[in-house]
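Just so you know, all these numbers are worked out from the coordinates, no wet-lab data involved. Keep in mind that this is a model prediction, so the values were computed, not measured. Please note: Cβ atoms are built from the backbone with ideal geometry, for glycine as well, and neighbour counts cover all protein chains shown.
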Amino acid sequence: MRNPFLTYGGAMSIEVPIDELPNTVAICGWCFVVTSGPSGAHVLSLSPTWSPSGEAMFSAASRRLSSNIEVSGAATLVFPPFASGEFDHHSLIVDTSALMTESDTGNLCCRPTRAVWHRPPPPPMK
């Protein structure tokens, strides 16, 4: 069956329920963790583990990451496109509130606030 969202007239973004994220990202694996602060944007490639209460936990050590999280309290998780399943070639973008912690499951804790599957634009007409 063809995915209706891949047609040129389909939606660019498809909302993902927050409570479905742990199961949804299980097929994605790793993600880019994007933060921003006074010294600019910072991107890390990390694999999350999920807490029972739905937070993405990362073991990450970076002064810039810590500094950006302290300033903004936010991170965006970008799971790159993959070719498997209903949302072939869509990126999963997750906005989160974030904080640095000292826990057994990781030291970056991201609580999702919004998530969308985002498709690329259609190819240019020739």
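For region 28-69, the extents of the C-alpha atoms along the principal axes are 33, 20, 14 Å, listed from largest to smallest.
Residues 12, 57 in ascending order of nearby Cβ atoms (within 10 Å, fewest first): 12, 57. Counting every pair of alpha carbons in region 15-118, the share spaced more than 19 Å apart comes to 38 percent. Each label point was placed 7 Å from the Cα along the Cα-to-Cβ direction; for residue 113 and residue 13 their separation is 1.3 nm.
The ranking of 94, 43, 116 from fewest to most other beta carbons within 10 Å of each one's beta carbon is 43, 116, 94.
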